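Read through the structure below, which is laid out as structure tokens, and then see the notes.
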Amino acid sequence: MAERLLQSMSRVAGRCHPDCVKASNEQEDYDESQNAALVAVNLISSARLVLKLDTEFTEYSAQFLIDNAGKEDEPGEMDQQRSQVTTENCLRYLAENVWTKKEEMDQKRCVLTVKDCLELAFKKGLPRREHWAHLGCTFKAPPFACQIPRVPVKGEVVEAKTFDEAFKLLVLQPIGAKLHLFSPQIDTVGEGIYDGPATVKSGTHYVGLRDVLIGSVEKFEGDTVAIVKISYKKKLSFVKVSLTRMFLTAPRNDTPGIGPTGLLVDFCVPRLSIN
């Protein structure tokens, strides 16, 4: 029964229930926790490939981290072994959570960082992406989800405050970071270099910090740039980010000033153990 469930989940991977589609359409551009979880699993997938723990790039479930945040120290749903995958239990779950239309409830969840997600993966392992609900799924994971196999992930989070420190980590594998976003510069960068706010202030708006993945460092049009994978306006894209540009902003109203700083800050990487 468990094997049939995994096969079924693989066949429908990426297909959404209408309620999930509705929730996704209504969701704003950026969900901080979802983005952090997505960056974390990409870092783990990359590290496992580099260390040859996986023979090919394997996608792991970001939604697993969202569903289980805050439960890592509780013996509840994550690890209970008594709830078996049976036809009766599957039908009961569908009847109580999917087929029956329920009033939407506001569920406050803690905001996750990439570090939070990595540490949770170290404690509980990760299922493959196709064996868990899609990212942004609105339905509660069934109690028999504890039967879904997880890949054990052992290691520690290594953090770096400066890019010089981070570059040493980047030699071995992609690293996570936060990127200062300014609009319309990020919207119009295209194949060019994203170098932050324009010198002329008119029309420049500070969007905020976004979790990103740095894949490599290159020379482009005379500048040193990081090739960054970013989720922006519900799309994944690669952007060339200047590593030489510094900026600062003055305090305004209740908003504190920023800088002087580079565009990329707060670097981290999972250092995996092969034992």
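Just so it is clear, none of the values below were taken in a lab; they were calculated from the coordinates. Every value quoted in this text rests on a predicted model; they were computed, and no experiment measured them. Virtual Cβ from ideal backbone geometry, glycine too; neighbours counted across all protein chains shown.
Taking only pairs six or more apart or across chains, which ones have beta-carbon atoms under 6 Å, a first residue in the stretch 162-181 that is more than 15 Å from residue 48 (Cα to Cα), and a second residue that is of a type in the set (Val, Ile, Thr) and surrounded by fewer than 22 Cβ atoms within 10 Å (Cβ to Cβ)?
178/265; 181/207
Kindly check whether there is at least one residue in the stretch 140-147 that is under 14 Å from residue 271 (Cα atoms) and crowded, with 18+ Cβ neighbours inside 10 Å.
First pass over the stretch 140-147, keeping only residues under 14 Å from residue 271 (Cα atoms): none.
No, there is no match, as no residue in the stretch 140-147 is under 14 Å from residue 271 (Cα atoms) and crowded, with 18+ Cβ neighbours inside 10 Å.
Looking for something outside any loop (DSSP other than H, G, I, E, B), of a type outside the set (Phe, Trp, Tyr), under 21 Å from the mean Cα position of the chain (by Cα) and surrounded by 16 or more Cβ atoms within 10 Å (Cβ to Cβ) - is there at least one such residue anywhere in the stretch 190-205?
no
Out of all the residues in the stretch 31-59, which are among the charged types (D, E, K, R) and under 18 Å from residue 125 (Cβ atoms)?
Of everything in the stretch 31-59, those that are among the charged types (D, E, K, R) and under 18 Å from residue 125 (Cβ atoms) turn out to be 48, 54, 59.
For the stretch 227-275: of the residues being touching a residue at least 60 places away in the same chain (Cβ under 8 Å), small (Gly, Ala, Ser) and in a strand (DSSP E or B), which is nearest to residue 167 (Cα to Cα)?
Checked the stretch 227-275; the qualifying residue nearest to residue 167 (Cα to Cα) is 262.
When you look at residue 156, is it under 23 Å from the mean Cα position of the chain (by Cα) and in a strand (DSSP E or B), yes or no?
So residue 156 fits the description; yes.
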